Amino acid sequence: MKCDRCGREATIEEVTKVGQTYVYKHLCESCAAGEGLSTSGSQPTTTTLVTVKARAAAQTLACPNCGLSFAGFRETGRLGCPACYDAFEDRLGPMIERAQEGGTHHVGKTPKRLLASVEGAGPERRRAIERVLGESKQRLEKLEQLGRQLQSALAGERFEQAAIIRDEMRRLREGTCEPEATPETGAGEGGETRHGDH
Amino acid sequence: MGITDPTRPGGRPNPLAKLEVERTPWLQQAEASDVVVSSRVRLARNLAGFRFVNRAEHDDRTAVLELLRDRLDRAELTPGVPAQWLDIHTLDRLDRDLLVERHLISPQHARGMNSGSARTDPRAVVVSLPDEGVSVMVNEEDHLRLQSLRPGLALERALTDVDSVDDGIEQSVDYAYSARFGYLTACPTNVGTGIRFSVMLHLPALRMLGEVEKVKRAAGDMSLAVRGFWGEGSEAEGDFYQLSNQTTLGRTERVMLDGLQRTIVPRVIDFERRARERLLSQRRLLLEDTVYRSLGILQQARRMTTGEAMQRLSELRLGGTLGLIRTPLLETVSQLLMLIHPAHLQRVTGRSLAQDERRAERASILRARLADVSVAP
């Protein structure tokens, strides 16, 4: 079930009795928090009951590859396999964002061989770029994240950092794997080439 | 004597024959080493198509180990330096402890996944010997933990080292990676770049002046963790503190590095150096008493715990950087910081020692190595 507000996986169901009819609302945890709904059991009985049921469903969420349940992950703090990141993405995303102090998308080094293995141009190359750098929506989100960092670096007069961030933004826009792909990168920015040296 | 012997008693080969027990490369004198003892960069990586170590069956872990043995046996971790593969699960306890003390493996890696499984969990470390500059743990929390550890302030060098080893490994294996989350790790706190930068700082003057808390607060404001000599979960011992990044996702490696080496680290170095100057100019009696008292104890004591030895050596090291000691001794003192630990002591003496014997042996080594040290006129 999708969240009524953001489209992510809904984990909370709120049921309100209006006259003789019941009004259902489905929310993910962060939107529920935004609406002032806590899941700690302070709501009217109906809501609480259904909420608990929805949470129980979330607890049975499991990775189709390794079988680890989300509850199992919460217990140990360790995921079971790379596929867990996909299986739990909706719930993991906000948790990771908190733990990573606002970091939502990966920027920086990428596995070179993923791209290098695709020699051709056209759709094949585009797919490879998407595997490494993300689909266009994800790349936009990464660019936004970097844009905020760029502003903060400039405001703090950290110009070396700003140059590195600009390189990374250019790389995302152009879909290149190597941040220092062109030798003039450093010269153009007045930066030092070693900063693009991944 | 000890570790450099090609064989052990009974004619068994010594797996750590190439490791120089008496000399720890990352404790040598280098840039800014009056304050920065060492710099470390580590990368967490996992192989695509395999479960993470904690959820893998014994057979899967063996498969990962053998696959990586095949790949890493051919890799040169440091150009021109042959890497040595060490199966941790076949090493005896003292060798495992020695690698922990040397910061080449984590205590968890020495113990194995579950307590009591030290001899069964298939796991390894690959080390460039004898320089020890680069090492790779296999089947720790992640399939691969690559580390470069260098003396003094050398984060740039450590990053370059570890980066090129990473590229070399990646030529023959597929890493678990996603466009959104980057390099996928068993614990989401390492996801993204999988990188951790850390510098080991010696801050005796700030501790004496009660100002370490200020450093901790400043570090906290910049999302940096402050840990002890042994890293995660350890308390500061002998005024040694490790400063490292806590977040791994959303910023590039270079931005993180720049933040550390251009802002916080130089500031802490400057802060400690000023504190040392203040001790010299305003609290000289306190400073001299602390340094010379430690020297006296180190030269005369008959029994000593590791903790006390770390503290005394720390204070002597401080005196050495401020010219209170006549003999140039920073290198000797730094190397002693490693030699006083239990596994090193036992390898140096060539026999296993009970705790009481270790305390006596520790005091004896310290007396012998510091016998010529005298106070400045």
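Bear in mind that the values in this text are calculations on the coordinates, not laboratory data. Fair warning: this is a prediction, and the values are worked out from it, not measured in the lab. Positions of Cβ are backbone-derived with ideal geometry, glycine not excepted, and every protein chain shown enters the neighbour counts.
Computed values, structure above
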read-out	value
Shielding score for A:95-101, defined as the mean number of other chain Cβ atoms within 10 Å	5
Calculated [θ] (222 nm, deg cm²/dmol) that DSSP helices of n ≥ 4 give over the protein assembly as shown, each run adding -39,500 (n - 2.57)	-13500 deg cm²/dmol
For B:Gly182, residues with placed amide H under 5 Å, excluding near neighbours	A:His106
Separation of the B:Arg111 and B:Arg283 label points, Cα + 7 Å toward Cβ, nm	3.6 nm
Three semi-axes of the equivalent ellipsoid, region B:47-107, Cα gyration tensor, whole Å, largest first	22, 18, 10
Region B:1-145: relative contact order as a whole-number percent, Cα under 8 Å and 6+ apart	28 percent
Residue among B:Ala56, B:Thr193, B:His143 farthest towards the positive dipole end of region B:25-275, charges placed on Cβ	B:Thr193
Shielding of A:159-167 by partner chains, average beta-carbon count, 10 Å	4
Directionally averaged projected area (convex hull, Cα atoms, region B:283-369), nm²	5.3 nm²
Percent RCO, i.e. relative contact order, over chain B, from Cα pairs under 8 Å lying at least 6 residues apart	20 percent
Inter-chain Cβ neighbour average for residues B:100-108, partner chain, 10 Å	0
Length gained when the stretch B:Ser374-B:Asp356 is fully extended (0.36 nm per residue, less Cα-Cα span)	3.6 nm
Peptides ranked, highest mean first, by Cβ atoms within 10 Å: ranges B:83-91, A:158-166, B:364-372	A:158-166, B:83-91, B:364-372
Largest-first principal axis extents, alpha carbons of region B:1-94, Å	45, 42, 27
Relative contact order for region B:240-377, counting Cα pairs under 8 Å that sit 6 or more residues apart, in percent	27 percent
Simple label model, 7 Å out from Cα along Cβ direction - B:Asp70 to B:Trp85, nm	1.1 nm
Cα convex hull of the protein assembly as shown - mean projected area over all directions, nm²	31.9 nm²
Mean Cβ count within 10 Å, highest first, over the residues of peptides B:212-220, B:200-208	B:200-208, B:212-220
Rounded Å value of the spacing that divides the Cα centres of region B:238-264 and region B:38-92	25 Å
Extent along principal axes [Cα atoms of region B:25-275; Å; largest to smallest]	55, 43, 37
